[in-house]
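Chemist: Quick one: this structure, given as structure tokens, is what I'll be asking you about.
Throughout, read-outs are computed from the coordinates displayed, never taken from laboratory work. A quick note: this is a predicted structure, and the numbers were derived from the prediction, not measured. Cβ: placed from backbone, ideal geometry, glycine included. Neighbour counts: every protein chain shown.
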Amino acid sequence: MPGVQASAQPRSVAIREVGPRDGLQLEAPLTFADKARLITALAGTGVRRIEATAFVSPRAVPSMADAERVGELVAQWPGIDWSALIASPNGARRAVAAGLASVEYVVSAGNGHSLANVGRPTEQALAAVAEVGEIVHAAGGRLEVIIATAWDCPFDGTTPPRHTAAIAARAVELGADSLCLGDTIGTTVPGRVTSLLGLVRDNVPGVDVGVHLHNTRGAGLASAWAAVRAGVTKLDSSVGGLGGCPFAPGATGNIATEELVYLLQDSGIETGVDLDAALDAARLVETIVGHPADSGLLRAGGRSVPKT
């Protein structure tokens, strides 16, 4: 399989907690006080990468209308890499002005999703990587391009793998520092994950490629494990498994952070995340959003180990 080699299990994986952004974008807008409670709890779990907010239209995504206030809030934890999702050069300007210079710019591989998500076709969204990169790099930041609908699009069907790989290469040419492959509607499975990773890596040798998975059809954790076994060391997840794309019909929750931590740490892979604190944060998010979180670990608890 191109680009995928049997490799030693990584010693550590850097989890990016996306609960404050992806986890909340389908929820009714929270009060800022509740959002601050959640962010504070997540900052206390030990996770070193957190997607804090999105600088997008508040009309399109009302739950992200307080993005500038969130930028002010998270400045009190300088040891965490706080990032922001954007969908346009203007969003990049807002993000860096708010002190969030780690920026994720979304390009949908599926043209139908691109039109629904950002109102312009994939080629136009991809071309804007150059301007976004100039804005972010001028502020001393880093630009990650997230390729949404990397495997499947809710409007166009299966995304040709070579199309996704070509977008990855062009994004790097235009200024992306790293990439992330997004399973926006939760349709991929382990074999498809490793196959696409191989193609993308062949097109962008030496570039860091992470994975953002949803558990819509129950294969999220299995796909995450396949990615790790293929050498991926950066994975996204959301507290309590909350999340989904408001512009992709049928898209539901991310893989749950606490379940990913449990899987990795019990497999001998370091995450730096305190599992008990992650479970506490998941319990808090249930209270804040007012409904149960989709997390089996939250219901069952961690593995009980008899004391010796």
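Chemist: Compute, for the chain, the length of the dipole vector about the Cα centre, with Cβ point charges of +1 (Lys, Arg) and -1 (Asp, Glu) only. Units Debye, rounded to 20.
Modeler: 240 debye
Chemist: Please list the radius of gyration and Dmax for region 116-177, considering alpha-carbon atoms only, with Å as the unit.
Modeler: Rg and Dmax of region 116-177, Cα atoms, are 12.5, 38 Å.
Chemist: Over all pairs of distinct alpha carbons, what does the Kirkwood formula give as the hydrodynamic radius of the chain, in Å?
Modeler: When all Cα pairs of the chain are included, the Kirkwood radius is 19.1 Å.
Chemist: Figure the gain on full extension for Glu134 and Asp276 (residue separation times 0.36 nm, minus the Cα-Cα span) and round it to one decimal in nm. If you can, show how the numbers build up before the last one.
Modeler: Values: separation 142, 0.36 × 142 = 51.12 nm, distance 4.07 nm.
Full extension of this stretch gives 47.0 nm more.
Chemist: Using only the alpha carbons, work out the radius of gyration and Dmax of region 157-197 in angstrom.
Modeler: Rg, Dmax (Cα atoms, Å): 11.0, 30.
Chemist: Something else: Which semi-axis lengths, in whole Å and largest first, follow from the square roots of five times the eigenvalues of the Cα gyration tensor of region 12-161?
Modeler: Working: eigenvalues 127, 60, 47 Å².
Those come to 25, 17, 15 Å.
Chemist: Between Ala300 and Asp81, 0.36 nm times their residue separation minus their Cα-Cα distance comes to what?
Modeler: 75.8 nm
Chemist: In whole angstrom, how far apart do the alpha carbon centroids of region 173-232 and region 34-57 sit?
Modeler: Between the Cα centres of region 173-232 and region 34-57 lies a distance of 23 Å.
Chemist: So, counting K/R as plus one and D/E as minus one, what does the shell of residues with Cβ under 13 Å around His212 add up to?
Modeler: Details: positive: Arg16, Arg21, Arg49, Lys234; negative: Glu17, Asp22, Glu51, Glu104, Glu144, Asp183, Asp236.
Net local charge, His212 excluded: -3.
Chemist: With a sphere of radius 11 Å drawn around the Cβ of Ala14, what net charge do the other residues whose Cβ falls strictly inside it have (Lys, Arg +1; Asp, Glu -1)?
Modeler: -1
Chemist: If you average the C-alpha positions of region 124-148 and of region 251-308 separately, how far apart do those two centres end up, in angstrom?
Modeler: The distance from the Cα centre of region 124-148 to that of region 251-308 comes to 33 Å.
Chemist: Round to the nearest 0.05 the FRET efficiency obtained for Glu123 and Asp202 when R0 = 30 Å and r is the Cβ-Cβ distance.
Modeler: Numbers: r = 22 Å, r/R0 = 0.74.
Given R0 = 30 Å and the Cβ-Cβ separation, E is 0.85.
Chemist: Karplus couplings for region 129-134 from phi (6.51 cos²θ - 1.76 cosθ + 1.60, θ = phi - 60°), rounded to Hz, Gly and Pro as x?
Modeler: Rounded to whole hertz, the list is 4, 4, 5, 4, x, 4.
Chemist: Tally the DSSP beta bridges in the chain and give the antiparallel ones as a percent, rounded to 5. Before the final figure, lay out the partial values.
Modeler: On the way: 3 of 38 bridges.
Restricted to the chain, the bridges split so that about 10 percent are antiparallel.
Chemist: How much net charge surrounds Gln265 when only the other residues with a Cβ under 13 Å from the Cβ of Gln265 are counted, with Lys and Arg +1 and Asp and Glu -1?
Modeler: Numbers: positive: Arg11, Arg303; negative: Glu258, Glu259, Asp266, Glu270, Asp274, Asp276.
Neighbourhood net charge equals -4.
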